[in-house]
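Structure first, then comments.
The values are calculated or read from the model by the stated rules, or taken from the named source; none is laboratory data. Keep in mind the model is a prediction, meaning the values are calculated, not measured. Don't worry about glycine lacking a Cβ; one is built from the backbone with ideal geometry, like all the others, and counts go over all protein chains shown. Side chains included, ligands, DNA and RNA excluded: accessible areas come from the protein's heavy atoms. Shrake-Rupley method; radii C 1.70, N 1.55, O 1.52, S 1.80 Å.
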Amino acid sequence: MFTPEQMSRILIAAPRDVMVPVISELYRRRLFHIEDFVEDDHEEYEGYRIGHPVEGAGETSKELLRLRSVTSAFSIRPDDIEPSQRLSASRLKDQIETELPAIEREGEELLATRSGLENQAKELEQKIDQLTPFTGVPIDLSFLYGYRTISVLAGSVPKKVEIGAPHEEYYVESKTGNLLIVAVPNEYRPDVERTLLDAQFQAVAIPQESGLATERIAEYSARLDAVRREMDDVSSRIDSQREKHAGFLVACDELLSMDVERAEAPLRFATTDHAFIAEGWVPSESVAALSESITEVSGRRAFVTELPIDKGKDVVPVEYNNVSFARPSQLLLDVYSRPKYTEIDPTLLVSIVFPIFFGLILGDVGYGLILLVTSLALRKFMKGDDAKMLLAVLRNASISSIIFGFLYSEFLGFPIPGVYATLPARHLNIGGEAGGHGPAVPELMIMSVWIGIAYITLGRILGVVNHARQDHGSHRIFAILANLGWIMVMWGILLMIWSAFPMPLMPDLTGFPPLILGLSLPAILGAVMIVLGIVFIAKESALEIVELPTILSHVLSFARLVGVGLSSVAIAMVVNFIAIGLIIEPQLENLTIFGVIIIIVGVVVFLIGHLMNAILGMLGGGLQSLRLHYVEFFTKFYKGGGKKYSPFGMKRRFTED
Amino acid sequence: MAELDVAVQVAEASQLGMKALGAGLAVGLTGIGTGLAEMSIGSAAVGATAENKDVFGLVLLLTVIPETIVIFGLVVGLLLLF
């Protein structure tokens, strides 16, 4: 439960002519994590080479590539598609030969047509853009170009320009820019250009068209419309093709991917001319069954054996081994880092404590319900394993939020009538009508500090266990003592504080008589623990001494459970006060038609405010409690960096044998 | 006598106000401090994640480390107010 799945190192040696059935069996079983063979790596593998792909791998790869280009053009993603029924692999193989080429051809044609139409539309748009400045020009555009001795310049100017040289000009002012067309004899062109440049003239190209600009634009627009209609038509045909073939295409994709993976497996094996060796990892409980079936399919010619594991050198792939309740939290672990094989796997702890922290922060029945409904509703829309795990985490967190909502007696910031807050109340005095005695902030703070102390102590104890399991020799003793040292320093400080100040919800040790230097017995005990702890820490690594203040900062960091929670309560109560106290209630006293509108506004403010706060609460509650795990808890014992166990094989979703 | 009462009331009220100001400053200034600290870490973290997605957990951790500053401010603020 607190350790990853136990793995065994397996070696399979067999003659080459049974390679294909062995690979197929390994693939079907989906248990064997292949350890890639690297040439010139081991002495014992002298003379072995990396294998060659099975015959036909090249063609299958090519076929897969073509298929992928079509699926990506149709924007079909296997993850988005719910498998309706499984297609049989043998029939699919026939269909791949008979039907797939036609579908691919059709798809390619449609896509080519669409991109051709897109180009046409772009061209037409460009032409219209070019003509637009000339819409006001009342003459045939063909008069503006094609002269040998005269140059025509067109463009926009900020204001009318005086041109010295002999010329003809046309000038029209408009809001979009003043158009100036100037015709000058070629010899004066440089002078005129300079004058125009000074006047901030911005040239536009003269369209090579004949007829009035407006007429041409109308014609091009009509053609553009036609092209767009055609594009819509093609797009809808593409859509219908996608609808029709999506299931078939993803099934083909799966089948071909499987073929390719199987065909390329020898690239990861060590081979000679007549034999091959595959090394890899298998969950220990499945070793017997797998080796039995491998021997079986090879006609008793394959040799399967278990190799000893060298914990120092071998990188054992890690597969989680959790109860189903804790499984969604593996996502949170993977985001940080997968545990190493020899390490404690804290998934179960995270799966229990994360929702509790979330509930402590966002303890509100109303928000809990909103998030619960959201997480359940989103399951319909979000596909994929990661999304499902995330939603399960959110679901657990919102259930915990509802439970803590009852403990805090909160519903959208209101106290729940008839429910007495078991935990210290968080109702603030907003709008002057909180009722009761306001928030019990000191009690909440102490509560969060207690949680911090407990969780950090637990983290250090797990650190002791991890070091005891992973390290060797004198380093092991020092590392264990250092972790104990951290615990001792923390509790020593606590003892000294308790013996000096009485605090609510904490043991009061101020009553002991002073013994030496005005210190009482608990205080002396605390001081001794601190000194001893520091010595233990320093013996492992003197540099760690600079980390001592983190004892204080990490414990106080748990105050965010209260701080972030109070801020969410405050926002909820402010929303209630503004919406109900300030907008709705004054109108209810003497109702008018105008008042009804104001009341509706108040309701909208209420809904939007609480929606925003629910989102903020989810982000705040989620991220803060995640952070408490990552920073304050994991740093005490958890290293991570384990390799993911990815067995050779595929989870089949669309096909079956 | 009445003047004295008023003076005491004024003093008490201004004491409350000062507390509120102090709490506000504690949270606000530490918030700015955290923001400044997280600014450069955050941008570097996003860059690193773009290069290599595996470091996401680690950089998230590094990014939120300065948040402790504002939590201290919050603790001080709450202790002042309540």
**OP:** Take every Cα pair under 8 Å in chain A that's 6+ residues apart, average their separations, divide by the length, and report that relative contact order as a whole percent.
**Re:** 21 percent
Subject >> Solvent accessible area, Å² - A:Met612, 1.4 Å probe, full protein context >> reply: 110 Å²
Original post:
Within straight cross-link reach of A:Lys160, meaning Cα distance under 18 Å, which lysines are found once same-chain residues fewer than 8 apart are removed?
Top reply: A:Lys175
Subject >> Amide proton proximity set for A:Ser151, modelled H, under 5 Å, gap of 5+ >> reply: A:Val184, A:Asn186
**OP:** Return the long-range amide H neighbours of A:Val318 (sequence gap of 5 or more, or a different chain), with a cut-off of under 5 Å between placed amide H atoms.
**Re:** A:Lys643, A:Lys644, A:Tyr645
Original post:
Along each of its three principal axes, how wide is the spread of alpha-carbon positions in the stretch A:541-587, in whole angstrom units, largest first?
Top reply: 69, 10, 9
Original post:
What ³J(HN,Hα) values, in whole Hz, does the Karplus curve 6.51 cos²θ - 1.76 cosθ + 1.60 give for the stretch A:362-379 when θ = phi - 60°, with x put for Gly and Pro?
Top reply: 10, x, 8, 4, x, 5, x, 5, 4, 5, 5, 4, 4, 5, 6, 5, 5, 4
**OP:** Taking amide H positions as placed in the peptide plane 1.01 Å from N, state which residues far from A:Met7 in sequence (5 or more) or on other chains have amide H under 5 Å from it.
**Re:** A:Ser284
Original post:
log10 I(q)/I(0), Debye, Cα-only the stretch A:301-372, no solvent, q = 0.17 Å⁻¹?
Top reply: -0.79
Original post:
What does the accessible area of B:Leu21 come to, in Å² to the nearest 10, when a probe of 1.4 Å is used?
Top reply: 110 Å²
Subject >> Under the Karplus curve 6.51 cos²θ - 1.76 cosθ + 1.60, θ = phi - 60°, whole-Hz ³J(HN,Hα) for the stretch A:643-657, x wherever Gly or Pro sits >> reply: 8, 6, 7, 10, x, 5, x, 9, 6, 7, 10, 10, 10, 8, 6
Subject >> 37 °C / 0.692 mPa s Stokes-Einstein diffusion coefficient of the stretch A:106-254, Kirkwood radius on C-alpha pairs, µm²/s >> reply: 176 µm²/s
Original post:
Among A:His274, A:His245, what's the order by accessible area (1.4 angstrom probe), most exposed first?
Top reply: A:His274, A:His245
Original post:
Going out from 0 in 10 Å bins, what whole percent of all Cα-Cα distances in the stretch B:2-81 drops into each bin?
Top reply: 19, 28, 21, 15, 9, 5, 2, 0
Subject >> Entries of A:Lys383/A:Lys651; A:Lys122/B:Lys53; A:Lys311/A:Lys636; A:Lys340/A:Lys380 with Cα pairs more than 26 Å apart >> reply: A:Lys122/B:Lys53; A:Lys340/A:Lys380
Subject >> Where N is the number of residues in the stretch A:1-147, Cα Rg divided by 2.2 N^0.38 Å >> reply: 1.98
**OP:** May I have the convex hull volume per residue, in Å³, for the Cα set of the stretch A:367-449?
**Re:** 107 Å³
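How big is the charge dipole of chain A about its Cα centre, in debye rounded to the nearest 20, if each Lys and Arg gets +1 on its Cβ and each Asp and Glu gets -1 on its Cβ? Don't jump to the answer; show the numbers that get you there.
Details: 58 positive and 79 negative charges, 384 e Å.
I would put it at about 1840 debye.
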**OP:** Express in Å², to the nearest 10, the accessible area of A:Val575 obtained by rolling a 1.4 Å probe over the protein heavy atoms while all chains stay in place.
**Re:** 20 Å²
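Hey, what D do you get for the protein assembly as shown in µm²/s if you plug the Kirkwood alpha-carbon radius into Stokes-Einstein at 20 °C and 1.002 mPa s? Walk me through the numbers on the way to the answer.
Details: Rh = 33.7 Å.
The estimated diffusion coefficient comes to 64 µm²/s.
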Original post:
Got a number for carbon plus sulfur as a percent of the stretch A:130-218's accessible area, 1.4 Å probe?
Top reply: 53 percent
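Report the semi-axes of the equivalent ellipsoid for the stretch A:130-218 in whole Å, largest first, where each axis is √(5λ) for an eigenvalue λ of the Cα gyration tensor.
21, 16, 9
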Subject >> Descending semi-axes in Å of the stretch A:315-471, equivalent ellipsoid built from Cα gyration tensor >> reply: 35, 23, 9
**OP:** Report, in deg cm²/dmol and to the nearest 500, the calculated mean residue ellipticity at 222 nm for the protein assembly as shown, where each DSSP H run with n ≥ 4 adds -39500 (n - 2.57) and the sum is divided by the residue count.
**Re:** -19500 deg cm²/dmol
**OP:** Would you kindly derive the ³J(HN,Hα) couplings of the stretch A:115-121 from the backbone phi angles with the Karplus curve 6.51 cos²θ - 1.76 cosθ + 1.60 (θ = phi - 60°), listing them in order in whole Hz, with x for Gly and Pro?
**Re:** 5, x, 5, 4, 4, 4, 4
Original post:
In degrees from 0 to 90, rounded to the nearest 10, what is the angle of the helix A:89-98 Cα long axis to the longest principal axis of chain A?
Top reply: 10 degrees
Original post:
If one takes the longest principal axis of the Cα atoms in chain A, at what angle in degrees, from 0 to 90 and to the nearest 10, does the Cα axis of helix A:385-408 lie?
Top reply: 60 degrees
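Taking each pair of different alpha-carbon atoms in the stretch A:167-268 once, compute 1/r for the pair, average those values, and report the inverse of that mean as the Kirkwood hydrodynamic radius in Å to one decimal. Kindly include the intermediate steps, with their values, before the conclusion.
Numbers: mean 1/r = 0.0488 Å⁻¹.
Averaging 1/r across every pair of different Cα atoms and inverting gives 20.5 Å.
With 16 Å as the cut-off, how large is the P(r) tail for the stretch A:49-118, expressed as percent of Cα-Cα pairs? Spell out each step's value before the answer.
Numbers: 1545 of 2415 pairs.
Tail of P(r) above 16 Å: 64 percent of Cα pairs.
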Original post:
Considering only protein heavy atoms, what per residue accessible area in square angstrom results for the protein assembly as shown with a 1.4 angstrom probe?
Top reply: 53 Å²
Original post:
How long are the three semi-axes of the equivalent ellipsoid for the stretch A:444-557, computed from the Cα gyration tensor as the root of 5 times each eigenvalue, in whole Å, largest first?
Top reply: 27, 18, 11
**OP:** Work out the P(r) tail for the stretch A:232-365: percent of alpha carbon pairs separated by more than 18 Å, whole number.
**Re:** 76 percent
**OP:** Round to the nearest 10 and give me the degree value, 0 to 90, for the angle of helix A:593-627's Cα axis relative to the longest principal axis of chain A.
**Re:** 60 degrees
